[in-house]
1. Restricting to DSSP loop positions (anything but H, G, I, E, B) with no more than 12 other Cβ atoms inside 10 Å of their own Cβ, which trypsin sites (Lys or Arg not before Pro) remain in the range 10-83?
2. Which order results if Leu52, Leu218 are arranged by neighbouring Cβ count within 10 Å, fewest first?
3. Which percent, to the nearest 5, of DSSP beta bridges fully inside the chain are antiparallel?
4. Starting from the Cα gyration tensor of the chain, take the square roots of the eigenvalues, sort them a ≥ b ≥ c, and report rounded, prolate or oblate (rounded when a/c is under 1.5, otherwise prolate if a/b is larger than b/c, else oblate).
5. With a cap of 12 neighbouring Cβ atoms within 10 Å, and only residues DSSP puts in a loop, list the GluC sites (Glu not before Pro) found in the range 22-113.
6. From the phi of every residue in the range 62-72, what ³J(HN,Hα) in whole Hz does the Karplus formula 6.51 cos²θ - 1.76 cosθ + 1.60 yield, where θ is phi - 60° and glycine or proline is x?
7. Express the relative contact order of the range 268-469 as a whole percentage, based on alpha carbon pairs under 8 Å and six or more residues apart in sequence.
8. Please list, in chain and number order, the residues 5+ apart from Ala250 or on another chain whose amide H is under 5 Å from its amide H, with Hs placed from the backbone.
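Since every read-out is calculated from the coordinates, none of them should be taken as a lab result. This is a predicted model, so every value here is computed, not measured. Neighbour counts run over all protein chains shown; Cβ positions are idealised from the backbone, glycine included.
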Amino acid sequence: MAWDRERIKELVEEKLKDYQIILVSNREPYMHIYREGEIDVIMPASGMAIALDSLMQTCGGTWVAAGSGEADQEACDGQNAVMVPPQAPKYKLRRLWLTREEEDGYYYGFANGALWPLCHIVYSRPHFLNSDWEMYQAVNRKFADAVLSEVGDKRTIVFIQDYHFALLPRMLKEADPRLLVCQFWHIPWPNFEAFRICPWAKEILEGLLGNDLLGFHLQYHCNNFFDTVDRTLEARIDMEQFAIFRQEKATWVKPFPISIDFERFAEMARAPETEARMADFRHRFYLEGIKVGLGLDRLDYTKGIPERLEALDIFFQKYPQYQRRFTFMQLGPQSRVHIPEYKALNARVDSLEEEINSKYRTGRWKPLLVHKGHLSHEEIAPFYRLADVMVVSSLHDGMNLVAKEYAASRVDNDGALVLSSFTGAGRELSCAYAINPYHPEDIADAIFQALEASPQERAGRMRAMRSWVQEHNIYYWAGRYLRALMHLPVED
Ligand code: F6P
């Protein structure tokens with residue numbers, strides 16, 4: 001039987017009815033902003049946030065996250081909480097507020113200046129500063145206090161998201177051993193040789209071993225984690241149960257490749273507004289009779305955006321018949337803008353845009369359109385539908401949910417996915433056109449191959465990818481995770 005919202009609801013009501021669920025992430029699922037003097041709500045550019053929002057809408061509970069919208073404080077009640085989603089409230093969003101200093105040291109500094117490049121093997125060097133590390137510890141403590149203040153007397157599952165909180169599991173477990181603490185690490189876990197350069201490797205591993213269950217996308221990342229622990233700490237690794245035992249405490253480590261709410265994307269893609277917007281975009285961007293390519297990412301150096309644009313240049317040189325017949329749209333907001341590597345990336349994308357357009361542009365036709373503003377999921381849906389080929393060229397990516405969103409959105413079974421082999425999604429979507437994103441010629445050839453494929457081949461590949469994602473959706477992911485949690489031998 002397929003996993004869907006109802007089945008998760010039944011599982012939670014039947015097996016976890018005595019528990020409350022508290023989810024913790026740095027990025028909040030809803031941000032309040034001011035628009036024309038009124039408070040409005042948007043979802044941030046995070047595949048993780050929209051996927052987990054579907055789940056929390058199903059299970060209910062509390063989501064603890066840092067406030068990041070300019071109107072967030074005004075939208076909250078006296079307890080820093082607001083019910084979401086705004087149109088039909090299903091769960092509580094409890095915000096906490098970080099000072100600029102905390103955000104600089106914890107988010108920009110240690111999480112994204114040290115751990116992010118440490119875990120993604122893209123040849124960007126991590127920066128390890130004592131002051132960032134101290135702030136990372138302090139902010140993990142601040143989140144621990146916020147979570148503990150939500151727990152009360154109820155039996156509680158705390159479900160932590162990502163590398164922003166490597167220390168939080170241990171802090172929570174030490175404060176309240178009754179808590180069932182689990183974490184999902186959304187980015188890759190590197191091999192020991194890469195990880196060992198971190199000056200606080202031991203503390204990070206000890207923090208993570210506060211979890212009862214620790215999830216990665218791939219078995220490969222789990223194996224890297226086992227090896228890292230084995231070579232860093234005194235611990236017993238049990239490869240039969242996939243568990244680590246340290247000082248009487250067990251942590252189960254398992255792969256759970258994350259996914260999306262397939263039906264939510266398929267519905268958005270089918271909506272009449274999407275069809276209307278497609279027609280409008282074709283007209284507005286002069287796309288009549290033009291094939292469309294799409295890239296959609298936060299501007300992040302791990303996503304291989306310059307590599308993709310360099311490949312576009314090669315594509316137009318090598319296949320000149322596509323000049324005036326193909327337009328590539330690169331969409332997605334700027335991200336982590338205070339970090340020098342991100343500033344440099346932003347400038348590189350601008351300069352490639354200028355170079356490619358000045359080289360090939362003729363009349364109304366533009367080879368490349370770049371949009372760096374925020375787009376809602378409803379606004380993205382028509383682009384997914386318009387794209388004859390979508391290019392995901394991450395240099396390294398834990399999963400990449402955009403690839404799965406694209407497949408879910410192709411309700412017409414058309415479109416083609418060019419996908420980096422260095423993504424988690426690349427292990428699952430075997431009917432995509434696989435590329436090595438470090439090799440621009442390879443990307444250019446794959447775009448050509450995808451555009452030239454017969455309608456039957458494109459439909460066959462797309463059907464296979466859609467059916468995989470439909471079955472292995474976010475509810476399937478959650479069902480496996482919750483079942484693994486339920487079977488843990490945890491004390492009352
Ligand atoms: O996928 C990794 C991740 O860090 C998510 O946890 C996060 O929501 C997303 O990338 C966006 O990054 P940020 O929250 O730093 O904008």
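1. Details: sites: Lys15, Lys17, Arg27, Arg35; in loops: Lys17, Arg27.
Here the trypsin sites (Lys or Arg not before Pro) that fit, given the DSSP loop and packing criteria, are Lys17.
2. So the residues, fewest neighbours to most, are Leu218, Leu52.
3. 25 percent
4. Numbers: a/c = 1.63, a/b = 1.52, b/c = 1.07.
Prolate is the answer for the chain, as a/c is 1.5 or above and a/b outweighs b/c.
5. Glu36, Glu70
6. 3J(HN,Hα) across the range 62-72, in whole Hz: 10, 10, 9, 8, 6, x, 9, x, 5, 9, 4.
7. Over the range 268-469, the number comes to 25 percent.
8. none
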